[in-house]
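Worksheet: one structure, shown below.
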Amino acid sequence: MRHRWIPAGLVPAVVLAGCTAPVAIDDPAPTGEVADICTAVLADLPGEVLGAVSRDTSTEWARAWGDPPITLVCGVEQPEALTPTSPCLEINGVGWFEQQGSGGGTVWTTIGRPAVISVGVPAEYGDPVSPLPGLSLPIGAHNPVEQPCVG
């Protein structure tokens, strides 16, 4: 019988990788064109955001990074607070609507695109705008603008 030696430093990493529970996220269940856009956007997202690595989620329509998790959910409903005169922050051509999230974090929601996408940024990450530049690129590439950011 042959024995294979595994360097001791690798064993904990393998064990820990299997112990992280998926991030629980409500399933938006987009359909039609929105589902197609979401599939393309989600496939093009980075593996790391602000140095935080990707994590599993409870729905195929979301991605998460780090702990506490930065989350991105595609195919959500527009926030009730969003109005035609709401402030809009444009980053890399994508308009974002800002709301206070739970636990002091921030929730950003895309404006004027067929697939509505939300990004939750926990307060622990400091500047809540920091993840948006990298996430805006794949969103802008696959989710065409219907109404430009006016705010």
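Values quoted throughout were computed directly from the atomic coordinates according to the rules given, and no laboratory measurement underlies them. Note that the structure is a prediction, hence the values are computed from the model and not measured. Cβ: placed from backbone, ideal geometry, glycine included. Neighbour counts: every protein chain shown.
ILE139: net charge of surrounding residues, Cβ under 11 Å, Lys/Arg +1, Asp/Glu -1, itself excluded? Mind showing how you got there, number by number?
Details: positive: ARG113; negative: ASP44.
Summing Lys and Arg as +1 and Asp and Glu as -1 gives 0.
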Given a 10 angstrom Cα cut-off, can you work out which residue in THR71, THR39, THR20 is the most mobile in a GNM of the chain? THR20
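Tally Lys/Arg at +1 and Asp/Glu at -1 over every other residue whose Cβ is under 15 Å from the Cβ of CYS149; what's the total?
Working: positive: ARG113; negative: GLU90, GLU98, GLU146.
Here the count lands on -2.
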Ranked highest first by average number of other Cβ atoms within 10 Å, how do 129-135, 59-65 line up? 59-65, 129-135
Return the whole-Å distance between the Cα centroid of the stretch 97-151 and the Cα centroid of the stretch 51-80. 12
Can you bin the stretch 84-151 into rounded, prolate or oblate? Criterion: square roots of the alpha carbon gyration tensor eigenvalues sorted a ≥ b ≥ c, rounded for a/c under 1.5, prolate for a/b above b/c, oblate for the rest. prolate
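Please compute the alpha carbon radius of gyration of the stretch 25-142, then divide it by the globular-protein estimate 2.2 N^0.38 Å. Two decimals is fine. Could you put the intermediate results ahead of the total?
Details: Rg = 13.0 Å, N = 118, 2.2 N^0.38 = 13.5 Å.
Ratio of Rg to 2.2 N^0.38 Å for the stretch 25-142: 0.97.
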Ellipticity estimate at 222 nm from DSSP helix runs (n ≥ 4, -39,500 (n - 2.57)) divided over the chain, nearest 500: -6000 deg cm²/dmol
